[in-house]
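These notes concern the structure reproduced below.
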Amino acid sequence: MTDQAVATFERNLRGRLIRPTDADYDSARALYNGMIDKRPRMIARCADVADVIAAVHFAREEGLLLAIRGGGHNGPGLGSCDDGLVIDLSMMKSVRVDKESRTVRVDAGCTSGDVDHATHAFGLAVPFGNVSTTGVAGLTLGGGTGYLTRKYGLTIDNLVEADVVLADGRLVTASTSEYADLFWALRGGGGNCGVVTSFLFQAHAVSTVYAGPIFWEATHAKAVMRAYREFLPEAPEDLGVFLGLKTVPPMDPFPKEFWGKRACAVIGSYNGDAADGERAMAPLLEAVPPPAFNWMGAMPFPAIQALFDPFFPKGLQWYWKGDFVKSLPDDAIDTHIMQAGRAPSALSLMHLYPIDGAVRRVAKDATAWSTRDATWSMVIAGIDSDPTKADALKTWGRGYWKAVHPYNLGGGYINFMMDDEAEGRLQATYGENFPRLALIKAKYDPKNLFRVNQNIQPAVA
Ligand SMILES: Cc1cc2nc3c(=O)[nH]c(=O)nc-3n(C[C@H](O)[C@H](O)[C@H](O)COP(=O)(O)OP(=O)(O)OC[C@H]3O[C@@H](n4cnc5c(N)ncnc54)[C@H](O)[C@@H]3O)c2cc1C
C-alpha cells in the first residue's frame, strides 16, 4: 500500500481517516467491551454511503483486513480489527419516521436509543434490545430480541429492506422483492454479505408501557424460575418478560438491606395501560413468595429501553456465552442456581430472553435466523469494571455454560457469542439454513472480504 493510495483515499472521504498518530486514535478505537483491545491501522469514519463504497474498494484493492463498526457493542469486538481498516458508521445517524406507513428509515450508525427517541414522538417503536446504547446494525443483522419480540417478532422480522454495499462496491437495496436471497441472508447472517448503510423497519404502536424489574432474594429463585416457566406460555404477548439470575447492585436506588445479595429477577414491559399490565403479571406473582421489591410501573417506552444503561457504561470487562433453550427442567434450574451463585462479580448475570409468540409464526427457513422453535435465548455474561478480573469472568462463564449446555439446544444467538466457540457451533446455530447461507455468502462475497464477524465460509461450488 503506497502513501499515495492512502492520501487519495483520505482526500476523497467526506468523513475522517483516523490513524495511530492521531490524538483521538485511542478513543476512536475503544470498544464497548473493555476486555477487547484492537489496534486498527486506519479507521474510516464515514459520513455517507459514498464514503462506505470508497472504503470497501480501498480495503479490497489494498488487501486490507476489513471490519465494520455499527455501535461497537459486540462482545468479541467484531466491530474492529488489528492492523486493518475499520469502517466506522457512527457518524451516519439519520432516522426518518413515516407516520402514515409506520415505517422508519434508520442509518446504520444509530443506536437503538437513537431510534426509540425518534419513533416515540409518534407513539411508535421498533422491536430492538433492552440496552439503548447498542448499535442497531449489529443487533439487527444478528436477529434482535427485546421486550416487543413476543408480540412483533425479532428485529429482523420487522425489517422491510436494507441498503447494502457489496464486496465489489455496488450499492443494492435488498428486500423480499429485490435481491431476495441477500435479504434472506441479512436477516440473521450477521455482517457476512456486505455493509448495510441503512435499514427500513416496520414500527408498531407503543407509547406508555407498564414496565420494570421485580427482584426476589436468591432463596426464592427455584420457585420463581419454576413459576416463570409455567407462566410464560400463557402470558399475553403484549407482555415481554425475561428472567435473570443476578446480584442486587450495591447502590441507590436499591434498598440497602439487599445490596450485594444474590437475587432472581423478572424484568418486563407490558404494552398497554398499568391496570392491564398488573393483570398480565398477576398469575406469576400469585404463584411465588412476595418479592423483595417490585418496581413495575407506567413509563414511556424509551425509559424501560434505557433503564439498565447506567449500570453498563462503556469500558467494562465482558465475557459472553449463549445458548438457545427449549425447556427448563427442574435439574436445569438447580444447575443454574448453583452456577449463578458462584458469580465472580456483582454485575455478572444470566438472562433468559423469550423466543416465542410472533417469532414462532415465521417459518424456520424464511430467514437465515432459524432457531424459531426455542423458548428462550440464554446469555451468561461475566461482567466487571476491573481488568484483573478478566480471567475469573471467563472461567466462570465457561464453567457455567458447560454445566447448563447439556439441557440446551446445540446453537446459540450469534450476538451472545465470543470468538472462542467450538468448531461447528455456527452450523448448529443455523441448522438446516447453514448450507444456503454459505451459498449466498459465496455469491455476494466469494473472497470473504467481510470476515471480521461470526464468519460463514463461502460454499465451494
Ligand atoms: C449491554 C448490551 C446489551 C445487549 N442487549 C441485547 C438485547 O437485548 N437483544 C439483542 O438482540 N442483543 C443484545 N446485545 C447484543 C448485541 O446485539 C450485539 O452486541 C451486537 O453485535 C451489537 O451491535 P453493534 O452494531 O453495536 O456492534 P458492532 O460491534 O459495531 O458490530 C457487531 C457485528 O456486526 C457487524 N456490523 C455492524 N454494523 C454493520 C453494518 N452496518 N453492516 C454489516 N455488518 C455490520 C460487524 O461486522 C460485527 O461483526 C446486547 C449487547 C450489549 C453489550
Pop out the carbon and sulfur fraction of the accessible area of the range 45-100 as a percent, whole number, probe 1.4 Å. 47 percent
Roughly what % of DSSP beta bridges within the chain run antiparallel, to the nearest 5? 90 percent
What does the charge count near GLY357 come to, summing +1 for each Lys or Arg and -1 for each Asp or Glu among other residues with Cβ under 15 Å from its Cβ? -1
For the range 272-389: rounded, prolate or oblate by the Cα gyration tensor [a/c cutoff 1.5]: rounded
Roughly what angle does helix 3-12 make with the longest principal axis of the chain, taking Cα atoms, 0 to 90 degrees, to the nearest 10? 70 degrees
With a 1.4 Å probe and every protein chain kept in, tell me what percent of the accessible surface of the range 125-167 is carbon plus sulfur. 51 percent
Pseudo-spin-label distance GLU237 to ALA23, built 7 Å along Cα→Cβ, given in nm, is 5.4 nm
Taking Lys and Arg as +1 and Asp and Glu as -1, residues besides HIS204 with C-beta under 14 Å from its C-beta add up to -1
Lysines with Cα under 30 Å of LYS314, excluding same-chain neighbours fewer than 8 positions away: LYS38, LYS93, LYS246, LYS256, LYS261, LYS389, LYS394, LYS402
Table column - 3J(HN,Hα) (Hz), the range 64-77, Karplus curve with 6.51, -1.76, 1.60, x for Gly and Pro: 8, 4, 10, 10, 10, 10, x, x, x, 8, 4, x, x, x
Before I look further, what does the range 305-461 give for accessible area per residue, probe 1.4 Å, in whole square angstrom? 41 Å²
Under a 5 Å amide H to amide H cut-off, with H placed in plane at 1.01 Å, what residues pair with ALA298 once short-range neighbours are removed? ALA211
Can you pull the percent of the range 260-357's accessible area that's carbon plus sulfur, 1.4 Å probe, other chains left in place? 59 percent
What is the diffusion coefficient of the range 341-408 in µm²/s, taking the Kirkwood radius over Cα pairs and the Stokes-Einstein relation at 10 °C with a viscosity of 1.306 mPa s? 115 µm²/s
Hz values of 3J(HN,Hα) by residue in the range 216-222 - Karplus curve (6.51, -1.76, 1.60), Gly and Pro given as x: 10, 5, 4, 4, 9, 4, 5
Stretched out fully, how many nm does the piece from ARG425 to ALA282 gain, at 0.36 nm a residue minus the Cα gap? 47.6 nm
Cα centre as origin, Lys/Arg/Asp/Glu Cβ charges: the chain dipole, Debye: 400 debye
In Å, what Rg and Dmax follow from the Cα atoms of the chain? 21.6, 71
Ellipticity estimate at 222 nm from DSSP helix runs (n ≥ 4, -39,500 (n - 2.57)) divided over the chain, nearest 500: -8000 deg cm²/dmol
Rounded FRET efficiency, nearest 0.05, which uses the C-beta distance separating SER101 from ALA275 and R0 of 41 Å: 0.85
LYS326 accessible area, nearest 10 Å², 1.4 Å probe? 100 Å²
Where does each of 2-13, 258-269 land if you order them by average Cβ count within 10 Å, highest first? 258-269, 2-13
Using the crude model of +1 on Lys and Arg Cβ and -1 on Asp and Glu Cβ, and no other charge, please compute the dipole size for the range 334-417 relative to its Cα centre, in debye to 20. 140 debye
To the nearest Å², the heavy-atom accessible area per residue of the range 38-98 with 1.4 Å probe amounts to 34 Å²
Net charge near SER132, counting Lys/Arg +1 and Asp/Glu -1 over other residues with Cβ under 11 Å of its Cβ? -3
Rounded to the nearest 0.05, FRET efficiency between ASP365 and THR8 (Cβ-Cβ, R0 45 Å) equals 0.50
On a straight-distance basis, which aspartates and glutamates could pair with LYS222 in a cross-link, Cα separation under 18 angstrom, same-chain partners fewer than 8 positions away excluded? GLU230, GLU286, ASP330, ASP331, ASP334
What do you get when you divide the Cα radius of gyration of the range 1-61 by 2.2 N^0.38 Å, with N the number of residues? 1.17
Two-site label geometry, ARG342 and ASP48: point separation in nm, points 7 Å out along Cα→Cβ: 5.6 nm
How large is ³J(HN,Hα), in whole Hz, for each residue of the range 246-252 in order, when computed from phi with the Karplus curve 6.51 cos²θ - 1.76 cosθ + 1.60 and θ = phi - 60°, using x for Gly and Pro? 8, 10, 5, x, x, 7, 5
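The values are calculated or read from the model by the stated rules, or taken from the named source; none is laboratory data. The shown structure was predicted, so the numbers you read here are calculated from the model rather than taken from an experiment. Here the Cβ is made from the backbone with ideal geometry for all residues, glycine too, and neighbour counts use every protein chain on show. Just the protein is used for accessible areas: all its heavy atoms, side chains included, with ligands, DNA and RNA removed. Shrake-Rupley method; radii C 1.70, N 1.55, O 1.52, S 1.80 Å.
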